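Quick notes on the structure that follows.
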Amino acid sequence: MVVTDLRSNILKASQVPQPTSTDPKAMRRIIAEDPDWSLATVPLLKDLSTNHIVQNFENNPILKGLPPKDKLNVLEKIDTQIPLCVTSHLVDDESYWKRCCKSKWQICDVSTYGGSWKRMFFERHLETLLENFIPEQTNEATIEEAIPLCARYVKRLNIKQLLPPVKDAAKEDTISDLGSDAGSEAPSMDHFEFGTVMEKLPHLEEFRITYGVRDCGMNFEWSLFQFTQRDCLLLAKSIKSCKQLKCICIHKSKVDDSKVRVLVSHFLDHPSLTEVDFSHNCIGDRGARAMAKLINNKCPNLRKVNLCDNVIRGEGAKAIAFALTKNTKLQELNLRLNRMGDEGGQAICKVLLKNNTLKSINLASNDMTEPTAAVLSQVLQTNTGLTSVNLSGNRIGIDGGKQLQEGIESNKTVVELDLRLTEAGQESEYCINQVLRDNQEHAREIQESHTK
Amino acid sequence: MLHGSDDEDDAGPSVESADPEERIQARRLRIQKRIEQQKREAMGEDAVAKKETSDEMGKGKQQVEESRNRLQKLKSDGMELVTNVRVACDAREMQHRLQDAESKHTRIERLDAEAKTSSEKFEEISRRWSAAKMKEVPHDLHEMLLEQTKGCDTVIDEKNKLINELQLELKQKDDEYVKDLKKQSEDVDLMIERMEEQVKNLTKSYRDELLQIEESFIEERGQAMENNKNKWEGTMGQRGEREEEYLKSRFKRVDDHELQLDTLRTNDTEEYNMVKIKLETDVQILEQQLQQMKATYQLNQEKLEYNFQVLKKRDEENTITKSQQKRKITRLQDTLNSLRLKLAKQEKHFKEENQNLVDEYKRIADQHKELYKKMRHFSANDWKKFQDIWKMNEDEVRSLVDNVLKADETIHLQQLGLPWNVPDMPFLKSHGPLEVQTSDPRPTATSFAKEILAANEKAQKKSSDDLEVIEKPESRLSLGAVKKLLEVLCDEAGFLVEEKLNKLLQPLQSDERSLIKLDAIFKALNIETEDDVTKLSNFFSQHGKLVSKADATSEEESDNTTEDAEVLRISADAEGSSTSTEPEDFMHPNEILDVLKNFVQEHIKPAKEKPKSSVMDTLSGTANRDPSLDAAHWELMANVIDSNKLKMWDALSNALTKYHNVLTERANRIQETDSLRQQNAELRMLLHQYISSKVNQELEIPPTRILQLEYS
């Protein structure tokens, strides 16, 4: 083979010397600097056939019958743009899906998707489809087609925006600064209905959603951020029917008291729900009372509740505190950036004297002062379950800092106690940090001994 | 997130680098570092746990701990730095909200107030409308209207003012919103910046710490190496010294050993020579012996061969005999089997026979019973017969005696003409057989013993008088000896007495005690009668003397007992001999037991015989009868005529017989002649008959002719 090739090369060279002279490379028999240059120009039949398969993969996907080596070969070569209906169930190879992801998105952190590129691809694919869905405008068939392809691989949906329906596209596209009134007048602002989608996703465990538009910037308009009653009801129903769901997160969606009540009434006795996140909404005391009902052992597996950045006041905090007296499951509670004040803070802290299951509590920026710190110091003395406390942004003052210092000195479990912007006084902060460091060391040792 | 990036950016050469070599190197380094980190963690933690107690922490470990602490601090500081933005934002937001709430509150108040005033004004205006209707003067009305419009304008102005204010506020808010957006983006930028900075710092510090840790480890390793090297060198030096010492001592020892070896060698050579000579002679001797042995061996071999042959032959024979024996065994087995069969048969047969015999025995027993009955019957009959006969005989004898006496009287009176005296004959008065003595003539052994024991000289005589005549000499002979014997017996044969009896006897007097003891002993020895006692004493006396006196003993044995008739006869002679056997010296007490044994053995037989005779006695009523007396009785009767008379009678009879003879001869002769005469007459008659009979004519040769011939 080689000899004949050489000869042919020579012949070629000899036959047409003139045209090749323009390209000095062609004149040479051996091109040393080109590592790919080879005299074996006749490709193998196998390679040819694989190439053919690769070229016609879209129309005639042959993969199952191939030997593993060739399979890899084919998977390495097939185009990432091949329609999903061909590849989604056929190809399991991660490298192919990695290529797909990389080609589609710049930033790909596979670790957040359980190390599965395929899952990542399909989740993100579905997310983009849903995020770009405009009711009454986009064809619903696109999503209906996509769902059976994705359903098997989707475990989490993190929908960062939901577009509202628009009467005229031009208005939607170029929202003027002054047209703020227009949105509110729109008769129907219902968003995409999740009922059908959720039903068809058997492995869905985590669902995050924002009823709002992302990156609106200066195109802000209230109508972009409307979470209607119907939306709420449909979402709640679909969540209720989705029994395998573990984590639900509805944030930045202007969820108010009545909506929370609707949602919670549907969440009650949900078998697998472990995490509820209603952060960045406008839940008031009534909504907090509804949440308290959810916390109060009505949800068998609830571990984590996030209510940060709402407008819960003292009353709501008291309701949550009362729920905590009964609860023996909840481990994390985030009440950051509410307006509980000392009334609510004291109520919550007093509960912690009895409740030993709660591990982490966030009371940052809650307009609390010294009295709460006094109660918390008692909590720190007696409670053995608490490991993390966040009090940042509360003006507890120097006296409160001292009380906390006293409280924490006999504590062995608390690892974190955030006292930034609390004006607690440097001295007590330093002492508390010392204790915390000791506790951290202690916890680390315990963990090490456990791992051993 | 920070941690993740730390791991990524630890290495010097970047993974993202364009150069593949560098990438490979980076990956390798990364893997290595991860492994190292894992190891370090494991080891470091171990060390922390261990060396906190031992206080001697390795430098590397120390460095690791330090680095860890430093990094921890750095991380938490970084975290704080980054989150500070958020916290500040939160705080600001809170403040902002509070302000918002306040402003909202004021705004609402203001709005309320404005609404109130405006509504008041509106009411006033509307009130004035009614007043206006009242007015009929157009000018007034116009004025009124102007006023109204003025009032309305003021209200509208106020409203507009408020609206403007609110719009201003809104604008302000919008501005604020823009500002907030800007601020937020700034914050986000700041956060990103800080994050990046943190990442950079952390990677740098991680790298630094890693380097430091490595260095410290290297240092530690170097130290450890040095330590070990020092130790090694020290131990090596020691080893060298020791080896030198050892070598020296070895050389010394070698020299010593060489010297010893030399001496040993010389000694050994001498010894060797000696031994060699000796051994050579030995060898010669042994060779000779060997020759001899060979010869004997050959001989033995031949012998053995011969023996072997013989044995072979024998073996063959044995095999033959064995086979024969086997055959025999089989044959015998067969016979054994047949015999077994036979035996079984025989057994069966004998069983049957036995059964038959048993049956027969039963029959015989029955017969015996029958016989016994018969016998009793017969004995009674016999007795009766006997008595009858006796009476008859007696009567006969008495008549005879009477006849004799009468004859005697007649002889005396008629023939001799002598006076005749009637002899005294008391026995003639008795009738029937002689009365048998009912009381046992022999007293019991115990009573006898009692007597003996109680006896003194006087008692002896008394007792002897009481006893029958024949016993007298006997008892006199052995009384003293018997007494002694009994005493000895009482002492020696105490074992025959029951223990209970001994206890009971203790309170009694010695005589009584011994007596009762003797009673028990006699019972045990089966001695019942006085005769037995005497027998015993005689037996003892025999043994006490010597065997030479066997005659005496045999006589002693025999008394006047009814058992042996022969002994009775000899008893007369015994009197003399037994008197001589009276000597007081008695046998030794130790021998008594042997003698007693012998006595018992001999005594058993008669004891056994006794029941038989007793049975017979009981059977026949004549058991206790004394035939000897009968004989005497009869003799007395027979001797009614004494010898003189008899002689006289004999002589008389002789004379008479002679006379008688003569007379008889005469008578006979007369008879003879009478008979002969008769014969003759008969014969004549017969002859005449024969001759005259017709038969003679019928016969060819008639007897008459023969007679004639004969006569002729």
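Throughout, read-outs are computed from the coordinates displayed, never taken from laboratory work. Everything numeric in this text was worked out from a predicted model, so none of it was measured. Note that each Cβ is placed from the backbone with ideal geometry, even for glycine, and that neighbours are counted across all protein chains shown.
Here are the numbers:
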item: Under 23 Å from B:K133, Cα to Cα: lysines that are on another chain or at least 8 residues apart; result: B:K121, B:K150
item: Shape category assigned to the range B:317-408 from the gyration tensor of Cα positions, a/c cut at 1.5; result: oblate
item: Ranked by how many other beta carbons lie within 10 Å on average, peptides B:60-66, A:429-435, A:270-276 from highest; result: B:60-66, A:270-276, A:429-435
item: Potential lengthening between B:D262 and B:R314 on full extension [0.36 nm per residue; Cα-Cα distance subtracted]; result: 12.0 nm
item: Relative contact order, percent, chain A [alpha-carbon distance under 8 Å, six or more residues apart]; result: 7 percent
item: Simple spin-label estimate for B:E352 and B:D189 in nanometres, 7 Å along Cα-Cβ; result: 14.7 nm
item: Long-range HN-HN contacts of A:I159 with modeled amide H, under 5 Å; result: A:R208, A:I209, A:T210
item: Computed label-point distance, nm, for sites B:K182 and B:T149 using a 7 Å Cα→Cβ extension; result: 4.7 nm
item: Chain A - mean residue ellipticity at 222 nm from DSSP helices (-39,500 (n - 2.57) per run, n ≥ 4, rounded to 500); result: -14000 deg cm²/dmol
item: Calculated FRET value between B:D282 and B:N307, using beta carbons and R₀ = 41 Å, to 0.05; result: 0.75
item: Peptide A:364-373, shielding by other chains (average Cβ, 10 Å cutoff); result: 2
item: Environment charge at A:C349 (Cβ cut-off 13 Å; Lys +1, Arg +1, Asp -1, Glu -1); result: 0
item: Listed peptides B:506-519, B:139-152 by packing density, highest first (mean Cβ within 10 Å); result: B:506-519, B:139-152
item: Sorted peptide list for A:47-54, B:404-411, B:336-343, criterion being average Cβ within 10 angstrom, highest first; result: B:404-411, A:47-54, B:336-343
item: Debye-sum result for the range A:369-452 in log10 I(q)/I(0), which assumes one identical scatterer on each alpha carbon, at q = 0.16, 0.17, 0.24 Å⁻¹; result: -0.54, -0.60, -1.10
item: Using a Förster distance of 25 Å, the FRET efficiency for B:I108-A:F220 (Cβ separation, nearest 0.05); result: 0.60
item: Fully extended contour minus Cα-Cα distance, from B:Q333 to B:H688, at 0.36 nm per residue; result: 118.1 nm
item: Label-point gap, in nm, between A:Q55 and B:R376 - each point 7 angstrom along Cα→Cβ; result: 15.4 nm
item: In order through the range B:352-368: 3J(HN,Hα) via Karplus (6.51 cos²θ - 1.76 cosθ + 1.60), integer Hz, x for Gly, Pro; result: 4, 4, 4, 4, 4, 4, 4, 4, 4, 4, 4, 4, 5, 4, 4, 4, 4
item: Over chain A: Kirkwood hydrodynamic radius from C-alpha pairwise inverse distances, Å; result: 26.6 Å
item: Estimated FRET transfer efficiency (B:Q292, B:T269; beta-carbon r; R0 25 Å; 0.05); result: 0.15
item: Of A:K252/B:K179; B:K59/B:K231; B:K503/B:K523; B:K362/B:K523, pairs whose Cα-Cα distance is over 25 Å; result: B:K362/B:K523
item: Over the range A:369-452, relative contact order from alpha-carbon pairs under 8 Å, at least 6 apart, %; result: 32 percent
item: Entries in A:K102/A:K329; A:K155/B:K73; A:K102/A:K200; A:K452/B:K33 that, when Cα-Cα distance is taken, lie over 29 Å; result: A:K102/A:K329; A:K155/B:K73
item: Sum of side-chain charges, B:F251 neighbourhood, beta-carbon under 14 Å (Lys, Arg +1; Asp, Glu -1); result: -2
item: Amide H partners (placed H, <5 Å) of A:L417, local residues excluded; result: A:V389
item: Net charge over other residues, Cβ less than 10 angstrom from the Cβ of B:N502 (K, R count +1; D, E count -1); result: +2
item: The range A:268-395 shape via C-alpha gyration tensor axes, a/c threshold 1.5; result: oblate
